[in-house]
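Okay, so here's the structure we're looking at.
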Amino acid sequence: MLSSPSRRVFLAAAASLTATSFFAPIVRADEAASGKVTLAGWSKPISEITNLLVEPDKGFFKAQGIELVYLPGTGGGDAIRNMLSGQADVAFTDPGSFFMALDKGEKLRAIYDIYPQNVFNVVSLKSANITRPEDLKGKRIGVYSLSSGTRQNLLVMLHQAGLTESDVEIVVTGVLNFAPLLQGQVDATAATDTGLLVGRRRGLGDVNVMQVRDHINVSSDLFVVREETYQQKQALLRSFLKAYRDSAAWMIAQPEEAAALAGKRAIDGTDRDINLEVIRLRNDSAMAPAGPDGGRRVLGAFDLVLLQKAADAYRDLGLIQRPIDVASVVDTSLLPES
């Protein structure tokens, strides 16, 4: 029989082992900082997301223990649906799609502001004489898809002019939507800065451009996760965000290298000069405007005031029915410290 001191040591060790065994699954789950992350995108693998596409070449995610899988989509709404269906862990989506999913009762969190600068616009031929949002009333306007940020941001612009979706005719034209504009199938088309750039390089000519950011400079895209994923995989998400920030910082610092690699990885990357212009535009949109104190915010940081203003605009538009308290559905604690 064990002596009393020896018995106490044995029992303490056994208790410690039992406690460790009991809590081990929880600890392992919380410390799972590596693993596979499937990202549901809003687009096909195009040059503006070169920092994601170059993972086989640069290994930003591998360096953080992340196996990155990119799932293409056809709009921010598509990215949300692919995430909610369980096909992806993270959605690369626009604020409007995020708000509408929340309005339907989905439990979601936004964890990173990908593009704090708004990149959306509405383009028309000079002959149409559309120079302000009010001029869009009664017009046919092209959008990439009904689940895309082009439609959501068009509606925000209309709202600023006191118009609604019923005041215009929205036409789905696909991503290459400048051809329908030139052919007279639509009076104007909602696009992005990169889409406009490519259109101009391909002979779009002199056009009128109305920028959404001139009315409300709301973020263009966010990383969004299910609440369940947020609660259960915080360490993994931290690693993912660290890898993404590293990839974004690389593309900002090395746009020429990114443009060259886009030629290998992006489906639209055949022209290196266009790649470089697209990448520089996207780099600009990734940089947050200076804060009230004049200081530059770090990559991924949110402007909750502007995001709340956008959520309120969506409710005023009737796109969502319930008020959204943005601060309660945005989390910044997972952002990498450096």
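The values are calculated or read from the model by the stated rules, or taken from the named source; none is laboratory data. Just so you know, these numbers come straight off a predicted model, no measurement behind them. Positions of Cβ are backbone-derived with ideal geometry, glycine not excepted, and every protein chain shown enters the neighbour counts. Remember, those area values only see protein heavy atoms, side chains included, never the ligands or the DNA or RNA. Shrake-Rupley method; radii C 1.70, N 1.55, O 1.52, S 1.80 Å.
The figures follow:
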quantity	calculated
Per-peptide average of other Cβ atoms within 10 Å, ordering 262-273, 105-116 highest first	105-116, 262-273
Percent carbon-and-sulfur accessible area, the chain, ignoring ligands, DNA and RNA, probe 1.4 Å	52
Net charge contributed by nearby residues that have their C-beta within less than 9 Å of W250 (K/R +1, D/E -1)	-1
Using a Förster distance of 22 Å, the FRET efficiency for L182-Q211 (Cβ separation, nearest 0.05)	0.60
Cα-based helix-to-principal-axis angle, 149-160 vs the chain, degrees rounded to 10	60
Hz values of 3J(HN,Hα) by residue in the range 263-280 - Karplus curve (6.51, -1.76, 1.60), Gly and Pro given as x	x, 9, 10, 9, 5, 10, x, 6, 10, 4, 5, 5, 3, 5, 5, 4, 4, 5
Calculated percent of Cα pairs over 33 Å apart (choose from [x] 35; [y] 26; [z] 31), label	[z]
Full-stretch length increase - D325, N129 - with 0.36 nm per residue and alpha-carbon distance subtracted	66.7 nm
Label-reachable residues, the range 51-82, where backbone N falls under 11 Å from a point 7 Å from S34's Cα toward its Cβ	62-67
Separation in nanometres of the label points that stand 7 Å from Cα toward Cβ, at K264 and M287	2.8
Surface accessible to a 1.4 Å probe, R226 within the full protein complex, Å²	50
Which of V305, S34, G76, positive extreme of dipole for the chain (C-beta unit charges)	S34
Summed side-chain charge close to A311 - residues other than A311 whose Cβ falls under 13 Å, Lys, Arg +1, Asp, Glu -1	-3
Distance (nanometres) between label positions extended 7 Å along Cα→Cβ at D312 and A249	3.5
Gain in span if fully extended, V171 to L84, counting 0.36 nm per residue against the direct Cα distance	28.6 nm
Radius ratio Rg over Rh of the range 207-338, counting only Cα atoms, Kirkwood formula for Rh	1.00
Dipole moment magnitude, nearest 20 debye, the chain about Cα centre, only Lys, Arg, Asp, Glu C-beta charged	740
Under 13 Å, Cβ to Cβ, from L241 - net charge with Lys/Arg +1 and Asp/Glu -1	0
Separation of the V298 and R201 label points, Cα + 7 Å toward Cβ, nm	3.3
Highest-MSF residue in the chain out of S239, S285, S328 [GNM, Cα springs under 10 Å]	S328
Distance from the range 49-108 to the range 314-337 (C-alpha centre basis), Å	17
Given charges at Cβ of Lys, Arg, Asp, Glu: the range 132-258 dipole, positive-most of S148, L181, G203	S148
